[in-house]
Amino acid sequence: MHQFDLKNKTAIITGGAQGFGLDITKRFLNSGANAIIWDIDENELIKVSKEINNPNLSFNVVDVSNFKQVKDTVDEISKSSNIDILINNAGITGSTATLWDYDVDEWNKIVQINLMGTFNCCKSVVPYMIKNDYGRIVNVASVAGKDGNANASAYSSAKAGAIGLTKSLGKELANKNIAVNAVTPAGAKTRILDQMSKEHVARMLSKVPRCRFLEVEEFTSLICWLSSEENSFSTAAVFDISGGRSTY
């Protein structure tokens, strides 16, 4: 497995207590970074922190859909550290239902976490990256944001929004040493699959030419490169990791 150099870099990973976020956190720590994981589940954060037991790991209980909470936490972190890397990974899929049957409150919640959460984190962190003239931001979107998954209109819309946000912000920061990119994974073997019906999961898998789910380690390797100084040119881009499902 390739070793990335993230020494002396401080990274915030949202949704870092499980799934993609937890694996990213572990790889970042192994690559020499200081990792700060955010999650809404304090018990899971405490559990993970004890299991990893690394002095370069810390955590905050943060609801990314709450702008004030996000900004206050970023401002506090910036008092003692640069913020070099931001991984906007926190997200929920919600239930599967047709748009006309979708619960309005749940639809709004999904958009608030997946899209507004990404906006809140970027809005709070970017000024510090501009001040330091360095930053790497990776927004975790989804192939759903490209294709539009049936019976997942809220999730698809939110992830499409995150892709658009990435392209806009990347261009706004293109004259600085700050890279902003998105990744669009297909389904992976994480707990997020538990939020979906078996029929929906089967339908997702049937669309992947490689005929399997994404392995978490494969995903994390892409995140690590995009978060490193090696990625000195690509910005405002969308990196597909869908096993051939969406190659555009």
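Bear in mind these aren't lab numbers, they're just calculated from the coordinates by the rules spelled out. What you are looking at is a predicted structure, and each value in this text was computed from that prediction instead of being measured. No Cβ is skipped: glycine too gets one built from the backbone with ideal geometry, and neighbour counts run over all protein chains shown.
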Likely footprinting exposure, V138, V126, fewest C-beta neighbours within 10 Å first:
V126, V138
Report, in cubic angstrom per residue, the convex hull volume of the C-alpha atoms of region 1-99.
124 Å³
Exposed trypsin sites (Lys or Arg not before Pro) absent - longest run of the chain, DSSP non-H/G/I/E/B, at most 10 other C-beta within 10 Å
80-248
Only helices at least 18 Å long along their axis, Cα-based, and averaging 0.0 or more on Kyte-Doolittle count here, so list those DSSP H runs from the chain.
117-132
Quick check on my link table: of K47/K198; K47/K123; K50/K159; K79/K109; K79/K131; K167/K189, which ones sit more than 23 Å apart, alpha carbon to alpha carbon?
K47/K198; K47/K123; K50/K159; K79/K109; K167/K189
Which three numbers, in whole Å and largest first, are the semi-axes of the equivalent ellipsoid of region 165-248 derived from its Cα gyration tensor as √(5λ)?
29, 13, 11
About its Cα centre, region 14-90 carries a charge dipole, from +1 on Lys and Arg Cβ atoms and -1 on Asp and Glu Cβ atoms, whose size in debye to the nearest 20 is 180 debye
Directionally averaged projected area (convex hull, Cα atoms, region 191-233), nm²:
4.3 nm²
Test item: Cα-centred dipole of region 10-238, Lys/Arg +1 and Asp/Glu -1 on Cβ, debye:
500 debye
Two pseudo-spin positions, 7 Å from Cα along C-beta at L99 and at K47, lie apart in nanometres by 3.8 nm
Top mean-square fluctuation among F20, F233, F28, Gaussian network model of the chain, C-alpha springs under 10 Å?
F233
Mean-square fluctuation maximum in Gaussian network of the chain, Cα pairs under 10 Å, restricted to S153, S80, S227, hits S80
Quick calc: nm separation of the 7 Å Cα→Cβ label points for F239 and D194 -> 2.9 nm
Evaluate the Debye formula for region 107-150 with equal point scatterers sitting on the alpha carbons, no solvent, and hand back log10 of I(q)/I(0) at q = 0.22, 0.23, 0.26, 0.28 Å⁻¹, in q order, two decimals.
-0.82, -0.86, -0.96, -1.02
Residues of region 147-162 with the amide nitrogen closer than 15 Å to a label point 7 Å from the Cα of K109, along Cα-to-Cβ, please.
154-155
Length-normalised contact order for the chain - Cα pairs under 8 Å, 6+ apart - percent
20 percent
Kindly provide the GluC sites (Glu not before Pro) of region 150-224 that DSSP labels as loop, not H, G, I, E or B, and whose Cβ sees at most 12 other Cβ atoms within 10 Å.
E215
